[in-house]
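The values are calculated or read from the model by the stated rules, or taken from the named source; none is laboratory data. Computed from a prediction, not measured in an experiment: that's the story for all the values here. Positions of Cβ are generated from backbone atoms using ideal geometry, with glycine treated the same way; all protein chains shown enter the neighbour counts.
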């Protein structure tokens, strides 16, 4: 099963109307992982297979954040929502150890 199909199953999306949006979230998730994984090497652009699950997890988070999911605080009448961060939460990136190189 490809990543788009897996993400659709995770999110309960059954048609193709949101495919482009979901592909965008998968791409953004991949970029976030690569930024963390290779902070000093912008030439690396292929996500190691071991992070496929993390990519799906982050893409699902970004999709769900469009609504009320992912909140750490919610108020009702004054409508105040708070998320862990404005970006992908640090807790989701915690298991990604950056690669660093040496000086030549």
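Given the conditions (1) surrounded by fewer than 14 Cβ atoms within 10 Å (Cβ to Cβ); (2) modelled with pLDDT under 75; (3) touching a strand residue (DSSP E or B) at 6+ places or on another chain (Cβ under 8 Å); (4) more than 18 Å from residue 21 (Cα to Cα), report the number of the one that residue 102 does not fulfil.
Unmet condition: (3).
For segment 77-88, state whether one or more residues are modelled with pLDDT under 95, in contact with a strand residue (DSSP E or B) (Cβ under 8 Å, 6 or more places away or on another chain), within 20 Å of residue 12 (Cβ to Cβ) and assigned to a strand (DSSP E or B).
So the first thing to find is which residues in segment 77-88 are modelled with pLDDT under 95, and the list is 77-88.
With the extra rule that they be in contact with a strand residue (DSSP E or B) (Cβ under 8 Å, 6 or more places away or on another chain), the set shrinks to 80-84.
After this cut, where a residue has to be within 20 Å of residue 12 (Cβ to Cβ) as well, the list is none.
No - not one qualifying residue is present in segment 77-88.
Quick one: is residue 22 more than 25 Å from residue 97 (Cβ to Cβ), touching a helix residue (DSSP H, G or I) at 6+ places or on another chain (Cβ under 6 Å) and at pLDDT 95 or above? Write out each step before concluding.
Working: more than 25 Å from residue 97 (Cβ to Cβ): yes; touching a helix residue (DSSP H, G or I) at 6+ places or on another chain (Cβ under 6 Å): yes; at pLDDT 95 or above: yes.
Considered against the rule, which asks whether it is more than 25 Å from residue 97 (Cβ to Cβ), touching a helix residue (DSSP H, G or I) at 6+ places or on another chain (Cβ under 6 Å) and at pLDDT 95 or above, residue 22 comes out as yes.
What pairs come up if the first residue lies in segment 83-99 and is on the phi < 0 side of the Ramachandran plot and surrounded by 14 or more Cβ atoms within 10 Å (Cβ to Cβ), the second is part of a loop (DSSP other than H, G, I, E, B) and modelled with pLDDT under 75, and their beta carbons are under 6 Å apart, counting only those six or more places apart or on different chains?
Within 6 Å, the pairs are 83/70.
Residues in segment 29-42: is at least one in a loop (DSSP other than H, G, I, E, B) and in contact with a helix residue (DSSP H, G or I) (Cβ under 7 Å, 6 or more places away or on another chain)?
No, segment 29-42 has no match at all.
Within segment 10-38, work out how many residues are more than 16 Å from the chain's Cα centre (by Cα) and exposed (fewer than 12 other Cβ atoms within 10 Å of the Cβ).
Within segment 10-38, residues that are more than 16 Å from the chain's Cα centre (by Cα) and exposed (fewer than 12 other Cβ atoms within 10 Å of the Cβ) number 5.
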